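Worksheet: one structure, shown below.
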Amino acid sequence: MNENQRLEGQQVKTGNPSDKKSEKDYSKYFETVFVPPSLKDAKKRGKEEVKYHDDFKISEEFRGMGDGRKFYIRTYGCQMNEHDTEVMAGIFMALGYEATDSVEDADVILLNTCAIRENAENKVFGELGHLKHLKTQKPDLLLGVCGCMSQEESVVNKILKTYTQVDIIFGTHNIHRLPNILKEAYMSKEMVVEVWSKEGDVIENLPKVRRGNIKGWVNIMYGCDKFCTYCIVPYTRGKERSRRPEEIIQEVRELAAHGYQEITLLGQNVNAYGKDFEDREYGLGDLMDEIRHIGIPRIRFTTSHPRDFDDYLIEVLAKGGNLMDHIHLPVQSGSTDVLKIMARKYTREQYLELVRKIKAAMPDVALTTDIIVGYPNETDEQFEETLSLYREVGFEAAYTFIYSPREGTPAAKMKDNVPMEVKKERLQRLNALVNELSAKALEKYKGQTVEVLVEGESKNNPDVLAGYTSKNKLVNFVGPKTAIGKIVKVKITDTKTWSLNGEMVEELQSVEVK
Ligand code: SAH
Ligand code: SF4
Ligand code: F3S
């Protein structure tokens, strides 16, 4: 029995969705839902087939639950988390809740959390502290924690012990259960905890309220089976499950019909798309090749794992057109020895060979990456190899991180002889190089005319518009507000380290889809 299960007055159910009774039975048997997470269970990978459902509906018993109530969701994580927020917003709206962007106005506040590094988690604990006073002012307020942190036992234990202002904790596999969870929370005085540790099925028809109508996220797969030794994601997101191409294509068609200008295909490791299909041979290359014929001007995907990046995908991407000439290809380290300990399953040379192939097929491609510095026992020489690889590839931008131990992962058990001071110094040196190469990549644009998808007013100046080029470079420029939501031509007048400035030249009439 673990610590959670000993807590008084709470009834325990195992964290396996296959045990679950029908919804009706469930609420009858469990007055207070208490299903805590288990990283150990989350680690298991079974052969059982993924079931696909398209029968999600809001049952009569929940209708009107949100009438006169408002919800607020704060998102801390990656694009996947942002997209989950869109789904939860869709469920709230279907229940009759109204959206608000003020925590003071909200009747339900959800923190959709990220567990990738310790500082991401600390932000959430800090916020729970800040929100506590709202509970005293408004006793009916529901405060919930969902997303990747909910999947960790240590987090759930800490909340149960220290953050008793929290009413709800639910996991990444329980999103479709939001109506049931809310109902339980309204009825119960105890904290409602429902975190399935084993991934559930793929549910196709969950409602969504998308943020904006210019760019859209489209999940193509869930989970990750790579188990890089530092990473918590395979535990918080379950095993790799691909959505079927027909469903994805249908979703992209709908977005195109609604005038969306850009879609990003999402997955933790999109290159593994389709590997779990038993009834067909179909991968990311096949999917991209079909989607590019849909009349949507811009198509992106994230994130790629170098290991599964196959030649066919490169061949398809090289067709260009609405497939964007930017690839985010996380390398993590330039040292083969470190890559080995990270279990990335490629060497420095193999990564460079992949880059060579991509550049041969797409000479003008922009490559960006993710890098971790200060891995346990990383030597100065190994770090230098990361710097030299960065230069050799000529990355145009990068997300850089100091390694953060994640409880339950193999790396967290490794002894580490690198002092934090050294890690910080390495990060600074790497960031200086990242800035140098970004500025250099941007300098080349001076005087050129680029196509920009205009997203809205610039954050700092409402008189200036902002948008992104096909290579995902931020452009600030002067132009009419009517350009928002369109792809326009902008002449670049000035370049900075991370962005371009320019003037609008003309609106693109139509986008050619090859
Ligand atoms: N699936 C993606 C990565 C998702 S996490 C991929 O494999 O490319 C985004 C980035 O966070 C990773 O690429 C890695 O650079 C970083 N990251 C993941 N776990 C980390 C940890 N424990 N400490 C520091 N950075 C980490
Ligand atoms: Fe984490 Fe590796 Fe999976 Fe990316 S591929 S989510 S870094 S385990
Ligand atoms: Fe964070 Fe979970 Fe995404 S850990 S990076 S929100 S998959």
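The values are calculated or read from the model by the stated rules, or taken from the named source; none is laboratory data. None of the values given here were measured: they were computed from a predicted structure. Glycine also receives a Cβ, built like all others from the backbone with ideal geometry; neighbour counts cover every protein chain displayed. Only protein heavy atoms, including side chains, enter the accessible area calculation; ligands, DNA and RNA are left aside. Shrake-Rupley method; radii C 1.70, N 1.55, O 1.52, S 1.80 Å.
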Inset, instruction - Determine by what factor the alpha-carbon radius of gyration of the range 390-514 differs from 2.2 N^0.38 Å, reporting the quotient. - result: 1.42
Inset, instruction - For K319, list the aspartates and glutamates whose Cα falls under 17 Å from its own Cα; do not include residues on the same chain fewer than 8 positions away. - result: D286, D289, E290, D310, D311, D364, E512
Legend entry - Candidate aspartates and glutamates for bridging to K496, where Cα separation is under 14 Å - those fewer than 8 sequence places away on the same chain excluded: E396, E436, E443
Legend entry - C-alpha long axis of helix 178-187 to longest principal axis of the chain, angle in °: 40
Inset, instruction - Please give the calculated 222 nm ellipticity per residue for the chain, where each DSSP H segment of at least 4 residues contributes -39500 (n - 2.57) and the sum is spread over every residue; nearest 500 deg cm²/dmol? - result: -9500 deg cm²/dmol
Legend entry - Furthest towards positive pole of dipole, C148, S304, F62, structure part the chain, Cβ charges: C148
Legend entry - Dipole of the chain, positive end: most advanced residue of L500, P179, I203 [Cβ charges, Cα centre]: L500
Legend entry - Any cysteine of the chain lacking a neighbouring Cys Cβ under 4.7 Å - listed by number: C78, C114, C146, C148, C224
Inset, instruction - Give me the angle, in degrees from 0 to 90, between the Cα long axis of helix 380-393 and the longest principal axis of the Cα atoms of the chain, rounded to the nearest 10. - result: 60
Legend entry - Dipole moment magnitude, nearest 20 debye, the chain about Cα centre, only Lys, Arg, Asp, Glu C-beta charged: 580
Inset, instruction - Output the peptides 366-379, 427-440 sorted from most to least packed, where packing is the average of other Cβ atoms within 10 Å over each peptide's residues. - result: 366-379, 427-440
Inset, instruction - Would you kindly compute the Cα radius of gyration of the range 202-442 and its largest Cα-Cα separation (Dmax), both in Å? - result: 18.7, 56
Legend entry - Distance violations [Cα-Cα > 29 Å] among K226/K415; K198/K359; K135/K198; K158/K198; K158/K415: K198/K359; K135/K198
Legend entry - Using a Förster distance of 56 Å, the FRET efficiency for Y186-N431 (Cβ separation, nearest 0.05): 0.75
Legend entry - Estimated FRET transfer efficiency when R0 is 51 angstrom, pair F227-T164 (beta carbons, to 0.05): 0.90
Legend entry - Protein accessible area in the range 109-179, 1.4 Å probe - carbon and sulfur %: 51
Inset, instruction - Return the aspartates and glutamates within reach of K424: Cα separation strictly under 18 angstrom, same-chain partners fewer than 8 residues apart disregarded; answer none if there are no such residues. - result: E118, D370, E378, D380, E381, E384, E385, D416
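What is the ratio of the Cα radius of gyration of the chain to 2.2 N^0.38 Å, with N the residue count, to two decimals?
Numbers: Rg = 23.5 Å, N = 514, 2.2 N^0.38 = 23.6 Å.
Against the empirical 2.2 N^0.38 Å value, I get 1.00 for the chain.
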Legend entry - trypsin sites (Lys or Arg not before Pro) restricted to DSSP loop in the range 281-334 with at most 16 other C-beta within 10 Å: K319
Inset, instruction - Taking the chain as the reference, fit the longest principal axis to its C-alpha atoms, fit the long axis of helix 153-162 to the helix C-alpha atoms, and give the angle between the two in degrees, 0 to 90, nearest 10. - result: 60
